[in-house]
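The values are calculated or read from the model by the stated rules, or taken from the named source; none is laboratory data. Note that this is a predicted model, so its numbers are computed, not measured. FYI the Cβ positions are ideal-geometry reconstructions off the backbone, even for glycines, and counts take in every protein chain you see.
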Amino acid sequence: MRPEILNPLFAETEALKGVGTALAKPLAKLGLTRGIDLLFHLPTGVVERRRIERLDPADAGRGVIVTLTATEYRGSSSPRGPFRVRAVDGEGNAVSLVYFGNASGWARKQFPLNEPRVVAGRLDLYGETLQIVHPDQVVPPEEAGEIVEREPVYPLSAGITSRRIAQLVAQALERVPALPEWIEPSLLSARGWPGFMEALEHAHGNPQDAKARERLAYDEVFANQLALMLVRASTRRRKGWALLGDGRLRAKLDLPYKPTGAQARAIAEIEGDMQQETPMLRLLQGDVGSGKTLVATMSLIAAVEAGAQGALLAPTEILARQHFATLQRQLSPLGLNVAILTGREKGRARESTLMGLADGSIHILVGTHAIFQEAVTYKELGLVVVDEQHRFGVAQRLMLAGKADRPPHMLVMTATPIPRTLTLAQYGEMDVSRLDEMPPGRQPIETKVIAIERMDEVVAGVGRHIAGGGQAYWVCPLVEESETGDDAAAEARAAALREMFGEKVGLVHGRMKGPEKDAVMAAFQRNEVAVLVATTVIEVGVDVPNAALIVIEGAERFGLAQLHQLRGRVGRGTAHSVCLLLRGSALSETSRARLALMRDTNDGFLIAEEDLRLRGGGEILGTRQSGEQGARLADAQQTAALIPTAHDDARLLTDRDGGLEAPRGQAARILLYLFERDAAVGLLRAG
Ligand code: ADP
Ligand code: MG
């Protein structure tokens, strides 16, 4: 339960003076439904205006406050054109006030002819004429006091002005109660940060105050880390399974290759964790193709050796089926019973799998993430491996751990190349193993950026590739306008390629029925399909080592992490692999730079770091923490800069006995509620 002292901040904006239904709507559009939302809605800049007596072209480009008298209205010949008010200063110098968007009625009312008005706005020089487009304010002289020389500029929606928001923010600020400090005093003084209240006031009143904004960003990052640390503490306080495999099954595993050093290290780290009664929380990070599946397999077998069951969760049906096929092939000879459970297993087959899990006759379950939403009873679930987890947020991880009487060990695997520091933002509660070494014999993938105009050559190249027995992926662009757009584009491309290559062309997309998808994927695995046209359904995990060519259409429309994942479908065998990025013709500078980066490096982490730099703040955290609110105050770059400190401090605070009971802990609790990490506190209560 949220502390009562915070209630005024969480009251609806409609409780504020002057907020009626007319204003509530645009506020809601901006996500500003409560006082706290207003406080965290920070201005993006500030306008400064100078009071002037006479209009002077030298002031063009500046904000001004000046008294003007309207002399004439000039409508436009076209209804969409601007409406102009000609006005003069005390000396008769003229300026044109320009209103777009059918505003003539409003302009006439604001600006009756031959009456003085005080005008605030930006003076511009248009050819020889001075003009002010959409004045910020126009008031009669007796209300001139309302106009201020300095004013923050807020992100807006139609129907509300920055001034209105500033007034509401002022009211919200008055309602902030006195709060204890949650930031460590020495850190606060070392960084020169103001207190929370002062930081809010400064961030709104003076948007250039970097210290104030930094403090608030830190508060957000710290709240997030604290929540993750509480998740960690609560999971680890519970008793899990101490699983010590004896190696008898792993010794029998028939591998066509030796594990890499990195794989061996990761396996050892996982075994070490699983031998403890404290539940494992471990992230396995490894670029695409680094061989995470083998690590998962070995860990699952170890769990079974110790008498427990294991589960492997995949984000897509295709990937679940692929893992199931691989595990069954490898593990049936060892006498292990592997089963699959997805939304598609129905009726008797499903019943029998559920029974096998409950009575322990099924050793390993492969499934989609969806199966964890429902009741599946295990005899003794000792290890859960979550593959390619970027669609699997903290909330789901928590739920997973919370289900059983004894939480299973948890291994989360990801190839999403995010910068190291940002890993902490998403997986701060986990220990990390890294596969920083590729299996031997890998050829670097050659990447080329090609203009879409050269499509014919690309198609001819694909033809030569498959004529020599090769296989290729052809990925179709994201179509944003409609949900079915992606699939339609893929269908059209497949049809065009079939005209060239006949039945050797297969197609998979999101809307196809499961069994249809399976059949196509299986045919591609067997090399009966040579060109697989696909949407991003093949983005993660799909492993067909013979495919050495991938064409990605509309490459500029994909995120870099996504392109890197897609490219990772090739370069899995020993053949020289090629990735062709087809681009449109009108590219922005940033798009060009991003594609060039893809061409120049195969290193996922480097790509992630550079992508962060090229895109600037904000975007990268879009996928974080499903079920929880995303970042509001800290952009990606700030997060990256602040997180190591926040992480260490949060860990310190929660690791100390009774962390949140101590005085600073009590303050930190309030912070968690402010940023709505209530679930973490609830968890703490629960035990
Ligand atoms: P990812 O980390 O992307 O999940 P996979 O587990 O799919 O990678 O492995 C990629 C490919 O590398 C697979 O074809 C797999 O069989 C192969 N592979 C994995 N480990 C090794 C190894 N130690 N030596 C050679 N090939 C390996
Ligand atoms: Mg994989």
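Working carefully through the options Arg49, Arg74, Arg34, Arg80, find the one that is under 17 Å from Gln131 (Cβ atoms), modelled with pLDDT under 95 and under 41 Å from the mean Cα position of the chain (by Cα).
Values: Arg74 fails: under 41 Å from the mean Cα position of the chain (by Cα); Arg34 fails: under 17 Å from Gln131 (Cβ atoms); Arg80 fails: under 17 Å from Gln131 (Cβ atoms).
Residue meeting the stated conditions: Arg49.
If you go through the range 93-127 and keep only what is modelled with pLDDT of 90 or more and assigned to a loop (DSSP other than H, G, I, E, B), you end up with Asn93, Phe111, Pro112, Asn114, Glu115. Within the range 641-653, residues that are touching a residue at least 12 places away in the same chain (Cβ under 8 Å) have Cβ atoms under 6 Å from residues that are of a type in the set (Val, Ile, Thr) and crowded, with 19+ Cβ neighbours inside 10 Å in these pairs: Leu642/Val221; Ile643/Val221; Ala646/Val221, counting only partners at least 6 apart in sequence or on another chain.
Among the residues of the range 260-273, those that are part of a helix (DSSP H, G or I), touching a Gly at 6+ places or on another chain (Cβ under 9 Å) and under 15 Å from Glu437 (Cβ atoms) comprise Ala262, Gln263, Ala266. Anything in the range 541-588 that is in contact with a Pro (Cβ under 7 Å, 6 or more places away or on another chain) and within 16 Å of ligand 2 (Cβ to nearest atom)? List them, or say none. Scanning the range 541-588 gives Ala561, His564, Arg572, Gly573. For the range 361-405, which positions are of a type in the set (Lys, Arg) and at pLDDT 85 or above? If the condition is that a residue be of a type in the set (Lys, Arg) and at pLDDT 85 or above, then Lys379 is the only one that fits.
Filtering the range 632-665 to residues that are among the basic types (Lys, Arg) and in a helix (DSSP H, G or I) leaves Arg651, Arg664. So, Gln276, is that one part of a loop (DSSP other than H, G, I, E, B), at pLDDT 95 or above and farther than 23 Å from Phe372 by Cα or not? In short, yes.
Looking across the range 287-316 at every residue that is more than 15 Å from ligand 2 (Cβ to nearest atom) and in a helix (DSSP H, G or I), the one that is surrounded by the fewest Cβ atoms within 10 Å (Cβ to Cβ) is identified as Glu305. Residue pairs whose Cβ atoms lie under 7 Å apart, sitting 6 or more positions apart in sequence or on different chains, and linking a residue in the range 325-354 that is assigned to a loop (DSSP other than H, G, I, E, B) to a partner that is surrounded by 16 or more Cβ atoms within 10 Å (Cβ to Cβ) and β-branched (Val, Ile, Thr), are Leu336/Val304; Leu336/Ile364; Asn337/Ile362; Thr342/Thr368; Thr342/Ile371; Gly343/Thr368; Glu345/Thr353.
Answer yes if at least one residue in the range 500-511 is within 26 Å of Thr416 (Cα to Cα), away from ligand 2 (no atom under 16 Å from the Cβ), touching a Cys at 6+ places or on another chain (Cβ under 9 Å) and modelled with pLDDT of 85 or more, and no otherwise. Lay out the reasoning, then the answer.
We begin by selecting, within the range 500-511, every residue within 26 Å of Thr416 (Cα to Cα); these are 507-511.
Pick out the ones that are also away from ligand 2 (no atom under 16 Å from the Cβ) and you get 507-511.
Among the residues that remain, those that are also touching a Cys at 6+ places or on another chain (Cβ under 9 Å) are: 509.
Subsequent filtering for residues that are modelled with pLDDT of 85 or more retains 509.
Yes, there is a match, as at least one residue in the range 500-511 is within 26 Å of Thr416 (Cα to Cα), away from ligand 2 (no atom under 16 Å from the Cβ), touching a Cys at 6+ places or on another chain (Cβ under 9 Å) and modelled with pLDDT of 85 or more.
Go through the range 270-302 and count every residue that is of a type outside the set (S, T, N, Q), within 16 Å of ligand 1 (Cβ to nearest atom) and within 29 Å of the chain's Cα centre (by Cα). Before the answer, list the steps.
Of the residues in the range 270-302, the ones of a type outside the set (S, T, N, Q) are 270-274, 277, 279-284, 286-289, 291-292, 294-296, 298, 300-302.
Narrowing the set further to residues that are within 16 Å of ligand 1 (Cβ to nearest atom) leaves 270, 282-284, 286-289, 291-292, 294-296, 298, 300-301.
Applying the additional criterion that residues be within 29 Å of the chain's Cα centre (by Cα) yields 270, 282-284, 286-289, 291-292, 294-296.
Count: 13.
Counting only helices (runs of 4 or more DSSP H) that sit wholly inside the range 147-256, those with at least 3 residues that are at pLDDT below 90 and touching a helix residue (DSSP H, G or I) at 6+ places or on another chain (Cβ under 7 Å) are 210-237. The residue that is modelled with the lowest pLDDT, among those in the range 604-641 that are buried (at least 19 other Cβ atoms within 10 Å of the Cβ), farther than 27 Å from Glu437 by Cβ and in contact with a Ser or Thr (Cβ under 9 Å, 6 or more places away or on another chain), is Leu621.
Among the residues of the range 266-301, those that are over 26 Å from Pro333 (Cα atoms) and touching a residue at least 60 places away in the same chain (Cβ under 8 Å) comprise Glu269, Asp273, Pro279, Met280, Leu281, Arg282, Leu283, Leu284, Gln285, Gly286, Asp287, Val288.
For the range 594-611, filtered to residues that are part of a helix (DSSP H, G or I) and more than 24 Å from Cys476 (Cβ to Cβ), the residue that is nearest to the chain's Cα centre (by Cα) is Ala608. Would you pick out the residues in the range 28-65 that are part of a helix (DSSP H, G or I) and not assigned by TED's automatic domain parsing to the domain that holds Val148? Across the range 28-65, the qualifying residues are Ala28, Lys29, Gly35, Ile36, Asp37, Leu38, Leu39.
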